[in-house]
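Here the structure comes first, spelled out in structure tokens, and everything after it is commentary.
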Amino acid sequence: MNRLEHPQALEARLDALEAQQAQASRLIAELQARDALKTQFLANISHDLRTPLTAMITHAEILRDGILGELSERQRESVQAIINGGRQLLESVGEILTYARGAAGQLTLTCTEFSVSQVVEQVSALNESLVAKKGLALEVDVAPDVPPIVADREKFAHVLSNLLGNAIHFTPGGGRVWVVARLVAGDGGPSLLVEVGDSGIGIAPEHHDLVFREFAQVDSSASRRHHGTGLGLTIARKLVELHGGRIWLESKLGEGSRFFFTIPRVGCT
Amino acid sequence: MEDSPLVTDALRLLLEETGHAVRAAGSVRDAVGACASEAPDLVLLDITLPDGDGLTLLDELAARGIARPTTVAMTGHDDPDTRQRCLAAGCVEVLVKPVPARELVRRVGEWVR
């Protein structure tokens with residue numbers, strides 16, 4: 001290119017570049033506005049979805065519990081299936097709401113001091129029947145020197161629940177899943193390190209970043225369909241990072257997975 | 001007190017079938033009116049309502065010299081701050097929605113006694 005151009009040509013080129021830049025800025029602003037609108041919509045719609053769902057589940061429970069007359073075994077099973085489906089839907093809607101709030105920067109931490117092993121036990125207990133159904137071995141190990149931490153208990157439990165749920169889901173029958181919690185040193189002071197591992201199908205290294213991205217699901221088998229919103233790990237990462245912690249994974253295809261996250265011991269300011 | 005007719009109908013069905021007389025109010029104003037006309041044995045209070053925070057019902061009743069009925073808060077938020085706020089406002093208990101039908105019936109039975 002001939003750099004010694006006529007000044008008028010340079011002027012023209014500069015004008016064109018500035019015009020392009022202005023247009024790019026406008027486009028960015030418009031995209032941000034639309035994104036904000038979408039996020040707000042998700043937050044609003046979640047309430048509208050949860051209300052009728054809750055009513056449906058209540059009605060189904062009324063039927064199941066024989067309040068309007070005894071049911072046959074088959075009828076009860078059918079109604080229980082309605083309840084299970086409803087609860088699953090509620091969970092998905094809740095995930096969407098949390099994701100939308102996270103994306104809009106509207107998530108806040110409600111911090112209390114609580115016992116790590118208590119929460120780990122609660123979350124494990126919730127998954128007991130599924131673990132038994134799949135014939136998995138669930139090992140829980142919270143080191144005795146782990147003190148109570150100051151964090152958002154509900155969000156901490158949510159992260160743990162998501163990771164454990166995944167571990168169980170992606171591990172074939174007869175395998176192992178585990179939860180280990182330790183205190184580790186860090187430059188900002190001691191942190192809680194939690195590992196949720198499994199002997200399941202594993203995740204290829206090239207997908208390690210992908211699994212934390214919204215809507216992404218890694219399907220290692222063409223025939224396998226994964227249910228869910230694809231938001232679980234995105235939310236988990238958001239909740240961990242809100243506490244000032246980190247979340248990462250070690251895994252290879254066919255060699256199981258180990259998800260790690262840290263929560264600074266005083267995770268709230 | 002609950003603003004969704006769907007949820008109100010489900011709860012009404014549940015509680016009437018288990019032997020209670022139920023009145024429903026969709027706003028703090030209506031609830032105050034209901035409490036004033038005939039004192040309830042128990043108020044189930046959904047604290048997120050269209051005309052403001054449901055907990056203000058208790059202040060409104062006090063301001064009108066109406067005796068505070070046994071009040072149980074129902075909220076979608078499972079956190080200690082919300083719980084504290086409800087208890088401090090005068091609720092005897094805080095339930096986190098969705099409340100399983102069985103449990104609600106059992107506990108209502110306890111409170112109404």
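Here, each number is a calculation from the coordinates, and none is a lab measurement. On a predicted model such as this, the values are computed, not experimentally measured, just so you know. Here Cβ is always computed from backbone atoms with ideal geometry, including for glycine, and neighbour counts include all displayed protein chains.
Observations on the structure shown:
- Under the convention that each Lys and Arg Cβ holds +1 and each Asp and Glu Cβ holds -1, the size of the dipole of the protein assembly as shown around its Cα centre is about 480 debye.
- Residue-averaged 222 nm ellipticity for the protein assembly as shown, from DSSP H runs of 4+ at -39500 (n - 2.57), nearest 500: -17000 deg cm²/dmol
- Dividing the mean sequence gap of close Cα pairs (under 8 Å, 6+ apart) by how many residues the range A:140-214 holds gives a relative contact order of 32 percent.
- Contact order, relative form, for chain A: 16 percent (alpha carbon pairs under 8 Å, 6 or more residues apart, mean separation divided by residue count).
- The mean number of Cβ atoms from other chains found within 10 Å of a Cβ in peptide A:146-157 is 1, as a whole number.
- The length gained by stretching the chain between A:Arg26 and A:Leu210 to full extension, at 0.36 nm per residue less their Cα-Cα distance, is 63.3 nm.
- The range A:43-148: C-alpha gyration tensor shape, a/c 1.5 cut-off, then a/b vs b/c: oblate
- Too-long pairs where the Cα-Cα distance tops 25 Å, listed order kept, from A:Lys155/B:Lys97; A:Lys38/A:Lys252; A:Lys133/A:Lys155: A:Lys38/A:Lys252; A:Lys133/A:Lys155
- Summary value for the range A:29-179: 23 percent relative contact order, contacts being C-alpha pairs under 8 angstrom separated by 6+ residues.
- Cα gyration tensor, the range A:104-165 - rounded (a/c under 1.5), prolate or oblate: oblate
- Computed on chain B, the Cα convex hull volume stands at 96 Å³ per residue.
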